[in-house]
Each structure stands twice: as C-alpha cells, then as structure tokens.
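Written out below as structure tokens is the structure these notes cover.
The values are calculated or read from the model by the stated rules, or taken from the named source; none is laboratory data. Predicted model, so just to flag it, every value in this text is computed and none were measured. All Cβ positions, glycine included, derive from the backbone under ideal geometry; neighbour counts span all protein chains shown.
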Amino acid sequence: MALLVLAGLLGWQVRREWIDSHARVQALLHGGLAPSQVPGLTPLDKVDPLTAAAYAEVATKNLFSPDRNPNVIVDPPKPAPEKPVPPFPVAHGVMLWGDFPPTIVLSEKAGGPQRGYKAGESIGQWTLVSVDSSFVDLKWDGKEFKKRIDELIDRHPVAEVAAPPAAAAKAAAPPAPAAESLSSNSKSGPGIDVGGGLRGCVSGDTSPSGTVVDGMKKVVTPTPFGSGCRWEPAK
C-alpha cells in the first residue's frame, strides 16, 4: 500500500511539472515583444555635378608634364660682358732714392714716349697705385692689378734698319778730327724731366756723382737694375 501511495504521489508530481513546462512553452510561443522605434538613416550630402574647371589644379601639378604649368618662368637677364682689359704700359726702370717717392719710368706702348710716374698719376687708362723694387700696382675700371716689373718690360728685339750705302761708307771711314773734337766736347748735364723736379741723365754722361750743372746736382745710386742716375735740385 505504501508503495502504491508513493508511486501515485510521484506520478502526480511529474504530471504537474509537465503541465507547468507546457504552459511556459505556450506562453513563450504565443507571447510577443513590443516593437522598438528605430530611427531612420541620415540622408547623404548632396554631391555637386562634376566640372572641368575643378580639376585645373590636377593639370598644373602634373609631375610628368611640367610645361602645363601656367606660371611662366622668366630666364634671369644675362650678365653684361666684361670689358676687355687694355694693354698694360711698358716699364723701363724704377728709381728709388732718399726721401723722394718711388718713381717708375713707363711708356703707354712699346716705342712710345717715356717718363717717370709716381703713385696717383695716370698713364693712358691706367692709374699707378704703388710701386716698389719688384712689383707695381695698377688700377683700371675700379680693379687693381699687381704685376711684376720684369713682366712689363718690352723684350721684343728692335729690328735693325739697314743703313744706306752712303751712310755705311761714311761710318766705315775714319772719323775726322772735327768729329773727335765735337764728341769730346759733348755737353754733360740734366736730361729729360722725369717728374717731381727731377731730371734724367744723358746717355754717355761720364761726369762724376755730385757734379752741379744749371742748378742741378748729379746723383748716382745703385738699383736692382744697375746704377741709377738722376739730377736733382742742388741745395
């Protein structure tokens, strides 16, 4: 009897559990959730129609076609051609003595007249800036040129002119006594004016240093080119 009662209670409990489960399933199947409100999608921005002018920058920045750039590159102006440097004057010697400023004997061109020049004086297109025993500074068109004096010396050989037959015969003849007398009595004294109150010496002048002629005193001094000779005012 106890077993029958226990089996009845167990069957009743199982049926009860099945009924509750079936009720939950039916409630889940036939029950519904309230639909939620979903907002609509935001509309896209309006796209402007395509125009060719909008792509002008693409054409100007094309790395493979730089000639399409509208900016014209103007070539810089060419520098003006430099003026040719004029020929340098020809040097014949330098005179350096005492308290007198250094003097260089120049001529504008080979075979031209020559005279002494001091710093600041001009010869042709050149202006003498400074001079010493070896170098001379010349200025032209605002530019200075330092030259060695031996570079400015004219070293071209002088062509000898053939003497006419009469002159050659006269030169071959023994000198006449009158010619000897004139040669022996040749004047010794100041030569050409070299500037600064000084005068040069005459070629062949054998008078000793210290000789005074016409208020000028002869002075002989050693120079890099040999003995230098000048006439200066006698004190």
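Would you pick out the residues in region 26-41 that are part of a helix (DSSP H, G or I) and exposed (fewer than 10 other Cβ atoms within 10 Å of the Cβ)?
Taking region 26-41 as the starting set, the residues that turn out to be part of a helix (DSSP H, G or I) are 26-30.
Hits for region 26-41 are ALA27, LEU28, LEU29, HIS30.
Which ones in region 61-113 are of a type in the set (Asp, Glu), outside the structural domain of THR127 (by TED's automatic domain parsing) and under 24 Å from LYS139 (Cβ atoms)?
GLU82
Return a yes/no flag: does region 157-164 have any residue that is in the same structural domain as LEU96 (by TED's automatic domain parsing), closer than 29 Å to PHE88 by Cβ, at pLDDT 50 or above and part of a loop (DSSP other than H, G, I, E, B).
No, region 157-164 contains no residue that is in the same structural domain as LEU96 (by TED's automatic domain parsing), closer than 29 Å to PHE88 by Cβ, at pLDDT 50 or above and part of a loop (DSSP other than H, G, I, E, B).
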